[in-house]
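Right, one structure below, let's go through it.
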Number of protein chains: 2
Amino acid sequence: MDQFNMRPIGYVSCPFKDTTEIPKGLGAKHETEGRLNILPALEAGLTDIEGYSHLIVLWAFDRLESSANLDLIVTPPSDDRPHGIFTTRTPNRPNPIGLTVVELLSREKNSLLVRGIDMLDGTPILDIKPYLSNIPAEKLRRGWLAEAEARKS
Amino acid sequence: MDQFNMRPIGYVSCPFKDTTEIPKGLGAKHETEGRLNILPALEAGLTDIEGYSHLIVLWAFDRLESSANLDLIVTPPSDDRPHGIFTTRTPNRPNPIGLTVVELLSREKNSLLVRGIDMLDGTPILDIKPYLSNIPAEKLRRGWLAEAEARKS
């Protein structure tokens, strides 16, 4: 079977030492600032990144408690009803890849200061991609999350 | 050093047999339809996905020509000037992860019919996440891509 071996391109530096400190659930705000410290050998790959306001960060859930079985249906923090894992951002997924969109505030050499951190201090970063475009708002449907928000309000 | 081993959760089925067939560069439209065929054992993870109009697909560049050296600065199809790889979607990156936002048209059991395919037939899928929100348009800056578009028009 195909396998792909991923290695960190850098590590997150931020205030969150434990997952309980990270805002979760409906209406959670992600305003925390932190740094994406890219390996010095890869610094040239950041050339011209200052022109972008937002970045997509792919990272690894590196501190999951391993469990023998993967639950394919989970009840996420933002709802009281169960949903398929691929409709959630739950950490327990077949491949432990997290995705966060952050706002780029500034760069110092190989270190990016960003806002919108929702990962733990020391999290391995797998990739950074530019955030290029939005889905038109009138075309976007947000499934059970929109329903959970409507029930709460 | 940390390493993360990723395995496909399924495979793309689409018309593109060669990368030259995939639209690239400024103004490229991604309207092609295809299927995300998820492994039958993971089908329950798709529960409730029909409620979402758009999905983030993470996938593996599985047919890269291996090269001894990774170029950290590249000239992408959408510009005639060089930029750091982390400001581009270039396939040749430290971890071979691709990201595509697709529109979900329908689901049949473990198979998702989607629009917006820009990967090759047979591409391994690593993860699917719900597309939840946009960056406010007035806050979004698109760096060299916006400049290249302005020069072209």
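The values are calculated or read from the model by the stated rules, or taken from the named source; none is laboratory data. Quick caveat, the model's predicted, so the values are computed rather than measured. Every residue, glycine as well, gets a Cβ built from its backbone with ideal geometry; the counts of neighbours run over all protein chains shown. Surface accessibility is based on the protein's heavy atoms, side chains included, excluding ligands, DNA and RNA. Shrake-Rupley method; radii C 1.70, N 1.55, O 1.52, S 1.80 Å.
Some notes on this structure:
- Nm distances between copies for residue A:107, ranked from closest, using label points 7 Å along Cα→Cβ: 3.9
- Legend: residues A:13, A:133, sorted from most to least accessible area (1.4 Å probe; ligands, DNA and RNA excluded), read A:133, A:13.
- Considering every alpha-carbon pair of chain B, the percent of pairs per 10 Å bin, from zero through the bin containing the longest distance, is 9, 34, 36, 18, 2.
- Kirkwood-Stokes translational diffusion coefficient of the protein assembly as shown, alpha-carbon pairs, 37 °C, 0.692 mPa s, µm²/s: 164 µm²/s
- The mean number of Cβ atoms from other chains found within 10 Å of a Cβ in peptide B:7-14 is 2, as a whole number.
- Those lysines that a straight Cα-Cα span of less than 21 Å connects to residue B:139, excepting residues fewer than 8 apart in one chain: A:29, A:129, A:139
- The mean count of C-beta atoms from other chains within 10 Å of the C-beta of residues in B:52-64, rounded to a whole number, is 3.
- Note on residue A:152: aspartates and glutamates with a C-alpha under 12 Å away, same-chain residues under 8 apart excluded, are A:79, A:80.
- Closest approach of a chain B beta carbon to the axis mapping chain B onto chain A (residue, whole Å): B:134, 2.
- Accessible area of residue B:63 in the full protein assembly, 1.4 Å probe (Å², nearest 10): 120 Å²
- Distances between copies of residue B:121, taken at a point 7 Å out from Cα along the Cα→Cβ vector and listed shortest first: 5.2 nm.
- The relative contact order of chain B, computed from alpha carbon pairs under 8 Å that lie at least 6 residues apart in sequence, is 37 percent.
- Measuring only protein heavy atoms, the 1.4 Å probe finds residue B:109 accessible over about 150 Å².
- Look at where the Cα atoms of the range A:97-153 and of the range B:1-36 average out, and the two centres are 22 Å apart.
- Label-to-label distance, nm, for residues given as residue B:28 and residue B:137 (7 Å Cα→Cβ offset): 2.5 nm
- Calculated label separations, residue B:25, copies of the chain, 7 Å along the beta-carbon direction, nm: 5.2
- Among A:128, A:73, A:117, residue whose mean-square fluctuation peaks in a GNM of chain A (springs only between Cα atoms under 10 Å): A:73
- Within the assembled protein chains, the solvent-accessible surface assigned to residue A:103 is about 60 Å², based on a 1.4 Å probe.
- Backbone phi angles across the range A:10-22, fed through the Karplus curve with coefficients 6.51, -1.76 and 1.60 (θ = phi - 60°), yield HN-Hα couplings of x, 9, 7, 10, 7, x, 7, 9, 9, 4, 5, 7, 8 Hz in residue order; Gly and Pro are listed as x.
- Considering only B:31, B:21, B:138, the mean-square fluctuation computed in a Gaussian network model of chain B, springs between alpha carbons under 10 angstrom, is largest for B:138.
- With a 10 Å cut-off around each Cβ of B:141-151, the average count of Cβ atoms from other chains is 4.
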